[in-house]
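The values are calculated or read from the model by the stated rules, or taken from the named source; none is laboratory data. Note that this is a predicted model, so its numbers are computed, not measured. As a convention, Cβ positions derive from the backbone with ideal geometry for all residues, glycine included, and neighbour counts pool all protein chains shown.
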Amino acid sequence: MNHNQLPQLVDFKKEVKNKKTVLIILENDRGMKVAFSNYGARIVSILVPDKYGKPVDVVLGFSTIEDYLGADEVYHGATIGRFANRIKQGKFKINEVSYTIGPNNGPNALHGGKAGFHQQIWDRRVNNPNEVTFYYTSPDNEEGFPGTLTVSVCYTLTDNNELQITYRASSDKDTIINLTNHAYFNLKGEGKGDILDHVVEINADAFVPINEQQIPLGELSPIKNSPFDFSSAKAISTDIDKTDTQLLNGGQGYDHCFVLNKGLSNGKKVVASAYADRSGVKLEILTTEPGLQFYTGNALSGKDLGKSGNTYDRHSAFCFETQHFPDSPNQKTFPDTYLKAGTIFHSQTTYRFSVIK
C-alpha cells in the first residue's frame, strides 16, 4: 500500500516498552482504506467514499505515534480490555476471592485500568491485504486481574465496505473479560464540527441507568417516552440538552449502555446505525454482544489536535462500543462476564459503511 495515499499519517515508527510501533493499512477495491497502529491495537483512520465519491476520514485520531502517546484522550480507536467500561471501586469477586483494579476514573476502574490494553504494544501479523491480527499476552495480575490472558483482535476489511472485528481470548485462571473498540466517529469527517446533527437509531427497548459516578443502579430502564428512545431514527440533538438526571449523570450527554433487543446479538443483524446528511455516510453496527455503549464525546476537551489540524471538542464525535454491561461482575442480573480457565472467549463486531445520496 502506498502510504502517500494517507498523507496525514506521517510517523508511526518508534520504540516503546522495548517494542516497535508500526502503521498498518488495509484497503479494498471500493475506495475504503483503514489504518491501524499496534499501539493499543487501535484504528487510526477509516477512509470511506462520501456521497460525492470523495474519501472522508470518519474516525478521530492523530498523525503521529507521539501524538497518541501524549494525547489528552487516551482511548482513540483503541482495543479496550481486560474490562471495558466501569467496575465499581475496581472491586469484584471470583469464586469468593476478592480482586481490586486500581481506580483511574474517580473511585472506579475504567477500561481495564490505567495500563489497560490501550497502553500496550501488541504483536501483529498481516494475514493478507485485507486482514491484520494483533496479539497480546496479559500477565497474571496485570492491573489486578487474575490469570495470564492470551488475547487476539483480528480486523478484516471486506469488499462490502465492512470492517469486521473478531476478538478471542483464553486464560489459565478463572477471570472476567469485556472487550470492545473505542473508535470515535464523525461521519462528516474527523475535525469537521460536532455530531449533534447525526441521525441515530438503536434497536433497544431498555438502557442501563447509572448514578453520578456512572455506575449502574442495578436495574434496566425502558427507553419509551425518554430522551433515550432511539427506536426510531432521530438526530442526537433532539433530546441531548433536555433536563434529565440520566443525561446529567452521563456527563451532560449520552454515555450509557443500551440493552440490545433479543435475537439481535448474533453478529448478523443491524443493532444500531448513524447517518450524516452532509457526507451521506451511514454506519451500521452488527455484533454478538448484548449491549451497546452509546457515547457522545462529552469529555472531549479541545486539548487534542487531530489529523485535520482541528481540535477535538466536546460532542465532536460519538462512540458505538459493543460490549457487556458495565460493572457486570457486581451485578448478578446482568449477562455474565466470567471466563472459565481454559475456555475460549469469542466476540465479533462489524462496522458496515454505505452511502445515501
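Key figures for this structure:
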item: Test: residue in the stretch 259-278 that is within 18 Å of the chain's Cα centre (by Cα) and acidic (Asp, Glu); result: no
item: Residues satisfying the stated conditions in the stretch 47-61, i.e. part of a strand (DSSP E or B) and over 17 Å from residue 310 (Cα atoms); result: 47, 48, 49, 55
item: Listing of strands (runs of 3 or more DSSP E) fully contained in the stretch 255-357 that carry 2 or more residues being under 18 Å from residue 232 (Cα atoms); result: 255-260, 270-275, 281-287, 291-295
item: Check on residue 48, closer than 18 Å to residue 121 by Cα and either out of contact with any Gly (no Cβ under 9 Å at 6 or more places or on another chain) or modelled with pLDDT of 95 or more (or both); result: no
item: Looking only at the stretch 53-78, and only at residues there that are of a type in the set (A, V, I, L, M, F, W, C) and either free of Cβ contacts under 8 Å to residues at least 40 places away in the same chain or more than 14 Å from residue 37 (Cα to Cα) (or both), the one that is surrounded by the most Cβ atoms within 10 Å (Cβ to Cβ); result: 58
item: Counted residues, the stretch 248-266 - those being surrounded by fewer than 18 Cβ atoms within 10 Å (Cβ to Cβ) and small (Gly, Ala, Ser); result: 2
item: Single match in 301, 265, 237, 232 (criterion: in contact with a Leu (Cβ under 9 Å, 6 or more places away or on another chain) and not assigned by TED's automatic domain parsing to the domain that holds residue 61); result: 237
item: One residue from 90, 81 being touching a residue at least 12 places away in the same chain (Cβ under 8 Å) and touching a Leu at 6+ places or on another chain (Cβ under 6 Å); result: 81
item: Hey, residue 189 buried (at least 20 other Cβ atoms within 10 Å of the Cβ) and at positive phi or not; result: yes
item: Those residues of the stretch 253-268 which are hydrophobic (A, V, I, L, M, F, W, C) and modelled with pLDDT of 95 or more, in sequence order; result: 257, 258, 259, 260
item: Output for the stretch 11-46, where each listed residue is outside any strand (DSSP E or B) and of a type in the set (D, E, K, R); result: 13, 17, 29, 30
item: Subset of the stretch 216-225 [loosely packed, with under 15 Cβ neighbours inside 10 Å and either touching a strand residue (DSSP E or B) at 6+ places or on another chain (Cβ under 8 Å) or farther than 28 Å from residue 329 by Cα (or both)]; result: 217, 222, 224, 225
